[in-house]
Each structure stands twice: as structure tokens, then as C-alpha cells.
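These notes concern the structure reproduced below.
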Amino acid sequence: MLVLLLDAGHWFTYPHIDPVAIHIYKGFGINWYGLTYVMGAVLVYLQLQSKSSRARTGLSIEQAQEFIVYTMFGIIIGGRLFFLIADMLTPIDKGGHSLTYYISNPLDIIAIWTGGMAFHGGLIGGVIGAVLYLRAIKVNVWPVLDEAVLWLPVAILLTRIANFIKPELPGRVTDSPIGFLFPGFDGYRYPSQLFEGIGMVLIVLPLV
């Protein structure tokens, strides 16, 4: 049976899902990727504003709201900055852009609505934004971060699903039957976004 499955070619067809989750007006809308940021922020806020969480962290509801705002600013700035650095280090013939290009097109520096956020930059920026805010209001950093990271795996899971929908960040080329033919990429590739998403589920399950 296993041999028959392995010889059956590729098992899955890439589901062409509209990357824009909510269409607003003439090409403007909210894409799935942006929506995952909002959902992640809401989940963390709901955690921090709960009575039990506030008892552990010392945050008020208003401070929990401000914490989310500062952290999201850090995530957006850090994620975009790291993306721009990576983009400028990528050869132009491989899709990168030079510093001269961004100087000539300054709007593209902040054009996060077209995509272009780096996970590691967002993580670093978010931590910096969170810590700076907590230091400013003189609240112990660690209890708050302990509460906030409870929902980090869920936020990453949602983001990786959005990466799959877009599509972006596929894995290496493979002849495995679980490979997908992603639009804009050559050959069948591992759905690495889904692999990481499954990993996040495995992290969350013991905490439920």
C-alpha cells in the first residue's frame, strides 16, 4: 500500500486562494498576512487584560493596550527594516533592489501593504518595543513577556498559513509526493510554511 502511494505522483494540488482576505475598494483591501498580525495582537491583548494576568504582571487594562501598540510598532519597524536589508543584499538579477532604488522610490521603504516583512526582524523589534515601554512605566519585564509569549506559537501558526496562501517561503525542490507546485516558483517544493505551522501546534497542545 505504501509503495502504491509513493508511486502515485504528487498527492496535493496547490489551492489558489485569494491572498486578499477583505476587499475594500478598487484593489485596496486587507490581506491574510496583515490580518494575522491583527489577530495575534488581539490574542495577546485578551491574555494581558484578563484579571489573572493583570494580577501576575501588575499591568492595568490601559497599560496592556499601550503595551500592544508599542510592541506592534516595534514588530512593524523591525520586520520591515530587516526585510529591506535582506532585499538590498539580494542580487538584482535574483529579485533584490539596490539602495539607489529605495532612495529613488522612498514610498517603497514603508510599503508594507505590498508585502515584505522579516520574521526575525519583527521578533527583535517587538521585543525592543515591549521592553522599552515596560521600562518606561517601571513594570517588571519578565512576567509580562511570560504572559505575552503564550500566544506567540498561535500567531506564528496563523502567519505561516498566510505565507502558504500568498504564496511565499516555500521549501526546497522535491520529488516527494507531498510537494506542491507553488505559483511563481520552479518545480514541486516542500510546503515548509505548513511544516512550521504544524510545529507550532505541537508546541501549543501541551499548554492547552
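The numbers here are math on the coordinates, done by the rules we state, and not lab data. If you're wondering where the values come from, they're calculated on a predicted model, not measured in any experiment. Note: ideal-geometry Cβ built from the backbone for every residue, glycine included; neighbour counts use all protein chains shown.
Structural remarks
- 222 nm mean residue ellipticity, helices alone, for the chain (DSSP H n ≥ 4; -39,500 (n - 2.57); rounded to 500): -18000 deg cm²/dmol
- When the charge dipole of the chain is built from unit charges on Cβ atoms (+1 for Lys and Arg, -1 for Asp and Glu) and taken about the Cα centre, the candidate among Pro167, Gln47, Thr13 whose Cα reaches farthest toward its positive end is Gln47.
- What the Cβ-Cβ distance of Asp186 and Phe28 gives, at R0 = 35 Å and to the nearest 0.05, is a FRET efficiency of 0.65.
- Angle between the chain longest axis and helix 192-204 axis [Cα atoms, degrees, rounded to 10]: 40
- For Kirkwood radius over Cα pairs in Å, calculated from these coordinates, the label among (i) 19.3; (ii) 18.3; (iii) 16.7: (i)
- When you restrict to C-alpha pairs under 8 Å that are six or more residues apart and normalise by the size of the chain, the relative contact order lands at 26 percent.
- Difference of contour (0.36 nm per residue) and Cα-Cα distance, Val38 to Asn140: 34.2 nm
- Under 15 Å from Lys138, Cα to Cα: aspartates and glutamates that are on another chain or at least 8 residues apart: Glu62, Glu66
- Degrees separating the helix 32-48 axis from the principal Cα axis of the chain, which is the longest one: 30
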